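Trainee: First, the structure itself, so that you have it in front of you.
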Amino acid sequence: MSDLSNRRPQDYAFEDWRHLHESDREAFELRRREALESVIQAAPADMQTRLRGLQFRLDMERARAGSGLASCLKAQSMMWDSLLRMRDALAELSGLEDDGLLGAVARSRAEARTATIIPFRPARPPESDGLPTEPK
């Protein structure tokens, strides 16, 4: 492996990142932030604010997660939510919601959001002294 200090973050291979993470967590975090910033700066100017907001949200979720696995699962969940919202918007815009597989998926999601609410009733009326009575 070559000297990592002279390389741009986007030139790192997975093994380079892994080695840096294992050997120097602070340097890893610095390089990670540099890599993320370089991707954001390469995006169109009108998207950069939104990308920074998304990265902020991801960083906050990582901080709250408590473990690497929990962080990964939260990020995965966020990506799926975004993908499903985009799919729903595309279906609505293109009129495909009522046709074919896309419509079936949209309908099944809508059905999954409904539920019948069953009211709870007390098992028996409350006693005056608060103690249950014995059967006679």
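Readers should treat all values here as calculations from the given coordinates under stated rules, not as data from a laboratory. Just so it is clear, the structure is predicted and the values come from calculations on it, not from any experiment. Every residue, glycine among them, receives a Cβ derived from its backbone with ideal geometry; neighbour counts consider all protein chains shown.
Trainee: Quick one: if the Förster radius is 22 Å, what FRET efficiency do residue 116 and residue 77 give, using the C-beta to C-beta distance and rounding to 0.05?
Mentor: Given R0 = 22 Å and the Cβ-Cβ separation, E is 0.25.
Trainee: ³J(HN,Hα) across segment 61-77 via Karplus (A = 6.51, B = -1.76, C = 1.60, θ = phi - 60°), whole Hz, x for Gly/Pro?
Mentor: In residue order, the calculated couplings are 5, 4, 5, 7, 5, x, 8, x, 5, 4, 4, 4, 5, 5, 4, 4, 4 Hz.
Trainee: Mind giving me the FRET efficiency for residue 17 and residue 88? R0 is 35 Å, r the Cβ-Cβ distance, nearest 0.05 is fine.
Mentor: E between residue 17 and residue 88, to the nearest 0.05, is 0.50.
Trainee: What order do you get for 40, 118 when you list them from fewest to most C-beta neighbours inside 10 Å?
Mentor: By the 10 Å Cβ count, ascending: 118, 40.
Trainee: Beyond 21 Å, how much of the Cα-Cα pair distribution for segment 12-95 remains, as a whole percent?
Mentor: Counting pairs separated by more than 21 Å, the tail of P(r) holds 48 percent.
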